[in-house]
Amino acid sequence: MNPAAQSQMLLLGRILLALIFLIAGIRKLMAVAGSAGYFAKLGFPMPEVMVWVAIVIEIGGAVLLITGWNARRAAWLLILFTAIATAMAHRFWEFDAAQYANQMNHFLKNVAIIGGLLYLAAFGPGALSADSRARS
């Protein structure tokens, strides 16, 4: 694959990974009280504070992935965030038969997202990134 196409694919990959975090963060921002209630139901300590932490991580992390600025650090932060969210919200083995498959799909989706973020953490954001431009 030629380097220009590879750089474009890495940019597209970062954008696609970032979208799930960006949209989730914006949705929480639009419904802070409801999100805090959900966090409380999941057993998070200080759910009102944790919602704001999640919003900052999701929106901030998404922007860092899209721009490619501190992308490796952002990927590690989002890996940790996704692992915690998965462990708290998608314990499929605890759900009844009606929700088991849905929660297992969410669990596996999050595991796949972590896989994509691990690639980014390992190989970097590519040439079309703020990190690449800063090195030049």
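Compared with the dominant Cα axis of the chain, that is its longest principal axis, helix 47-67 is turned about 20°.
Distances between placed amide hydrogens fall under 5 Å for Asn70 paired with Asp131, all partners being 5 or more residues away or on another chain. Remark: the chain carries a charge dipole of roughly 320 debye about the Cα centre, counting +1 on each Lys and Arg Cβ and -1 on each Asp and Glu Cβ. Among Phe107, Phe123, a tally of other beta-carbon atoms within 10 Å of each Cβ gives an order, fewest to most, of Phe123, Phe107. Counting other Cβ atoms within 10 Å as a rough exposure proxy, the listed residues Trp93, Trp76 run Trp93, Trp76 from fewest neighbours to most. Taking Lys and Arg as +1 and Asp and Glu as -1, the other residues whose beta-carbon sits under 15 Å from that of Ala121 total +2.
Counting neighbouring beta carbons within 10 Å and listing from fewest to most, the residues Arg91, Arg14 come out as Arg91, Arg14.
Working from label points 7 Å from Cα in the Cα-to-Cβ sense, the Ile15 to Ala130 distance is 1.7 nm.
If the segment from Tyr38 to Val63 were pulled out straight at 0.36 nm per residue, it would be longer than the present Cα-Cα gap by 6.5 nm.
We did not get these values from a lab; they are worked out from the coordinates using the rules stated. Everything quoted here is computed from the prediction, not taken from an experiment. A quick note on method: Cβ atoms are made from the backbone with ideal geometry, for glycine too, and the neighbour counts reach across all protein chains shown.
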